[in-house]
Each structure stands twice: as C-alpha cells, then as structure tokens.
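Take a look at the structure set out below.
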Amino acid sequence: MQSDECSVEDETPVTLEPNPFDLARIIQQRVRESAAREAARSRDIIYLWIHVSSEGIAQPQGGRTDNMAPPTLDDWLNVVDEASGLGANWIVVTTHDSFSDYPEVWEICSWAQTAHEMKVGLHTNNDTLTESEIAGIQELDPDRTRLFVKRQHLEKMRALEARGIKIGIADPQPYGGVPQCQGARKLIFVDWDGVIYTCGLVEQNREYRLGDIREGTFDAIVRNPELPHRVHEKIRLVCEGCDGCPSLIANFLEEEEAQRAME
C-alpha cells in the first residue's frame, strides 16, 4: 500500500548573494542617526542662570502680589537636576546684595557640585564680601567655584584669591555691542519667582517668557519650537542685563585660560 506521506528529499541550503546596496544603506542610516544625535546635542542646555531678588529666592521686592506659592528649596534643587539632565555643566547665581541673606544659595550651589559636578559662578555687584559670605564660598569646591564681579571692582576683590577664592569678570565685554555669547539656545534663565526666560537680558519681558519651574519640565520647554528661543537682534546688545551671564562669561574664560597656559 502506498504511503500517504510524501518522501522528503535532502534539501540543499540556498545561499543568497549579498546585496551590494545593504552596506551602503546601513552606513547611510547610521550617519543619519549620528547627525540626529548631534543635532539634539547641539540644542542641549549648557548654562543655568538663576537671579536672586533683594529679598531672597522667590521673594519679590516689596512682597508678593499674587496668590502663587513661592518655589521651595526642593523646586530649586529640581531645577538644577533638570538642567543637568539637559547637559548643563555651569550654574551662575546672580544677586545684587549679600549672599548671606540667601541660605538657599549655598545649598543649591553645593547640590550642583556634589550631585552633578557642575561649575558654580556667584555673581555680585558689591565690591566687598562679608566674612559670612567668604566662609560660604570656601565651603564649596574651590576648583569648581568662581566669584564674578564688575570690572571696576576686580582689583579690589583680587585680595580674596589669597583665601582660595577665584575671581572672574562679570562684565567682560563693553556695553553696546553684539554679545559674544553662545546665545539663548544654550541657556536657561530662571528669575527669583521661578519664571523661565530665553535669557537674562529679557527678564520680565513676557514676550520671551518660556514657562515656570512649577509647570511641566525643562525638556518640554527646550524642545518646544513654538516658544521664543532667540532674542530679537534689535535688543540683543550688551548691557547691564548681560552681567554675570554664563553664556557670555564662558567664552572669555576660555580665552583667559588659554592665555595663562601660554604664559
């Protein structure tokens, strides 16, 4: 009786000829992926700039006029975390008064250094520091900390270098010209109330308001193409609003360090 099962013959594996275009496609794909990563990286934030008012972080001059709860210390530490997650390796805290009035500043700066190995800049308009301020700065990592002062106060403040405090110029470029900075695309500026702006030059200009540290995340803000991530050329001029700007200062620090290396 003939079996219903069909006999299976030995099958010889079929060897497919390699497609000469496969390698080219793979290379093109990897080049595109690499370009996309680089483009994303070029949009990453490098600098975080926080402005402190004369009555402290999150305390406006003359008191609050709204019903919003001020940002807490945890909110500010979260600001540092999020900025670091976007690539920030510099934080500058600007105050026009004594740092001793703001105990949160020391905690924010210490967190930036210990948790994220960020460089810290402390920017003041004053031409002297109290012993309390000096002690606060000395508690930070000296290799990652610099005090930024106005050019006119530089020589007077140089004496602090003997106490381990590095001094830098807060206003390295003369007023009136186009700022030699990396622009707002590399910067997140946060005012005393936690409101985020394109840069410090346009603080309190609602046209350039990006959001609030209590609303959403930095990542959503940075990646949102509908938000104003550039400053109009007509107002993008160096002025006192640029003092302490890490995006501006950093370029001059690089030149300064290169010059010292050559000496």
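The values are calculated or read from the model by the stated rules, or taken from the named source; none is laboratory data. Keep in mind the model is a prediction, meaning the values are calculated, not measured. Ideal geometry is used to build each Cβ from the backbone, glycine not excepted, and the neighbour counts take in all protein chains shown. Accessible surface areas use protein heavy atoms only, side chains included; no ligands, DNA or RNA. Shrake-Rupley method; radii C 1.70, N 1.55, O 1.52, S 1.80 Å.
Data overview
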quantity: Residues (surrounded by fewer than 21 Cβ atoms within 10 Å (Cβ to Cβ) and outside any loop (DSSP other than H, G, I, E, B)) located in the range 169-185; calculated: Ile169, Arg185
quantity: Subset of the range 131-149 (residues that are over 17 Å from Gln113 (Cβ atoms) and open to solvent by 20 Å² or more (accessible area, probe 1.4 Å)); calculated: Glu131, Ser132
quantity: Of all residues in the range 219-241 being open to solvent by less than 70 Å² (accessible area, probe 1.4 Å) and free of Cβ contacts under 8 Å to residues at least 40 places away in the same chain, the one that is nearest to the chain's Cα centre (by Cα); calculated: Ile221
quantity: Asp101 being touching a Lys or Arg at 6+ places or on another chain (Cβ under 9 Å), open to solvent by 20 Å² or more (accessible area, probe 1.4 Å) and of a type outside the set (A, V, I, L, M, F, W, C); calculated: no
quantity: The range 201-211: number of residues that are outside any loop (DSSP other than H, G, I, E, B) and either of a type in the set (S, T, N, Q) or open to solvent by 10 Å² or more (accessible area, probe 1.4 Å) (or both); calculated: 6
quantity: Single condition Gly244 does not satisfy, out of (1) surrounded by 15 or more Cβ atoms within 10 Å (Cβ to Cβ); (2) assigned to a loop (DSSP other than H, G, I, E, B); (3) modelled with pLDDT under 85; calculated: (3)
quantity: Scan of the range 72-98 for residues that are hydrophobic (A, V, I, L, M, F, W, C) and either open to solvent by less than 40 Å² (accessible area, probe 1.4 Å) or part of a loop (DSSP other than H, G, I, E, B) (or both), ordered by number; calculated: Trp76, Leu77, Val79, Val80, Ala83, Leu86, Ala88, Trp90, Ile91, Val92, Val93
quantity: Criterion (part of a loop (DSSP other than H, G, I, E, B) and not charged (D, E, K, R)) met by exactly one of Ile165, Ile188, Ile196; calculated: Ile165
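Here's the yes/no breakdown for (1) under 17 Å from Trp49 (Cα atoms); (2) in a loop (DSSP other than H, G, I, E, B); (3) among the charged types (D, E, K, R):
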{"residue": "Cys109", "(1), (2), (3)": "yes, no, no"}
{"residue": "Val120", "(1), (2), (3)": "yes, no, no"}
{"residue": "Thr128", "(1), (2), (3)": "no, yes, no"}
{"residue": "Ile134", "(1), (2), (3)": "no, no, no"}
{"residue": "Arg146", "(1), (2), (3)": "yes, no, yes"}
{"residue": "Lys156", "(1), (2), (3)": "no, no, yes"}
